[in-house]
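J.: This is the structure, below, for whatever I ask next.
The values are calculated or read from the model by the stated rules, or taken from the named source; none is laboratory data. Quantities reported herein were computed from a predicted structural model and do not represent experimental measurements. Counting neighbours? That spans all protein chains shown, and the Cβs are built from the backbone with ideal geometry, glycine included.
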Amino acid sequence: MNMHKYEKIWLIFGVTSLLVFLSVLGVSAFYMGNQPPSCLTTINPEKVDTTKPFDKPGLNKVEGKEWDYELVFVASAFSYNPTKVEVPKGAKVKIIATTKDVIHGFEVAGTNINMMLEPGYISEHIATFNKRGEFLVLCNEYCGTGHHMMNSRIEVVE
Ligand code: CUA
C-alpha cells in the first residue's frame, strides 16, 4: 500500500494522541483513584430526614468497614446540614450526601471532591484529609436565588 508521507505523519500523530489520552485516563482512574460519583443508591427525597443515615447528619464513627467515619450531609435550598463539622486528620472518611429538593453541588474547595447531589439519589465519595485546616464546601450547581450563599465547612483537626 502506498501512503503519502503526510498521511503517515498524521496517522502516527493520531495514534500517539490516543495512547497518551488513554494512559492519562488509566493513571487517573486506577492509580490516583479518581472516579465519577456513585449515585447508585436511591432514596425517597421526601423522607430524607427519617431515612438512615440522613436522620443523623454529621460525622459518625463506624466499625468493621473499610473506612473509619461516615460524614453525612443533607443539602437543601440554600444550606447544608451540618453547616460545620470537624474531621480528624488522616482518617478515612466516607462522605454520604443527598438533597431534599433540587439539584445541588458538593465541592470541597482545594480537593478533588466534587459531587452532584440529585433528588432521589445518594452520592458517595471516600476521602482522607491529610492536611490540617478549614475546607470550604460549596454548591456549584445553580439552585436558586440563594445559591451563592450555600456553603459548609469541614475543619480538619489533629
Ligand atoms: Cu445549592 Cu447552588
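J.: Between a residue in segment 138-150 that is in the same structural domain as V74 (by TED's automatic domain parsing) and any residue that is more than 8 Å from the ligand (Cβ to nearest atom) and acidic (D, E), which pairs come within a Cβ distance under 7 Å, given they are 6 or more apart or on different chains?
T.: From segment 138-150, the pairs are L138/E107; N140/E107.
J.: Let me ask something else about it. Can you name every residue in segment 121-135 that is part of a loop (DSSP other than H, G, I, E, B) and surrounded by 12 or more Cβ atoms within 10 Å (Cβ to Cβ)?
T.: Listed by number, the list holds a single entry, F129.
J.: So, in segment 78-107, exactly how many residues are touching a Ser or Thr at 6+ places or on another chain (Cβ under 9 Å), within 16 Å of the ligand (Cβ to nearest atom) and either assigned to a loop (DSSP other than H, G, I, E, B) or not assigned by TED's automatic domain parsing to the domain that holds F129 (or both)?
T.: Of the residues in segment 78-107, 6 are touching a Ser or Thr at 6+ places or on another chain (Cβ under 9 Å), within 16 Å of the ligand (Cβ to nearest atom) and either assigned to a loop (DSSP other than H, G, I, E, B) or not assigned by TED's automatic domain parsing to the domain that holds F129 (or both).
J.: Still on this structure: Does V72 satisfy the condition of being aliphatic (A, V, I, L, M), surrounded by 16 or more Cβ atoms within 10 Å (Cβ to Cβ) and part of a strand (DSSP E or B)?
T.: So V72 fits the description; yes.
J.: Right, another one. Taking segment 108-158 only, how many residues are near the ligand (Cβ under 10 Å from one of its atoms) and hydrophobic (A, V, I, L, M, F, W, C)?
T.: The qualifying residues number 6.
J.: Criterion first (at negative phi and either basic (K, R) or assigned to a loop (DSSP other than H, G, I, E, B) (or both)) does D55 satisfy it?
T.: Yes: the conditions hold for D55.
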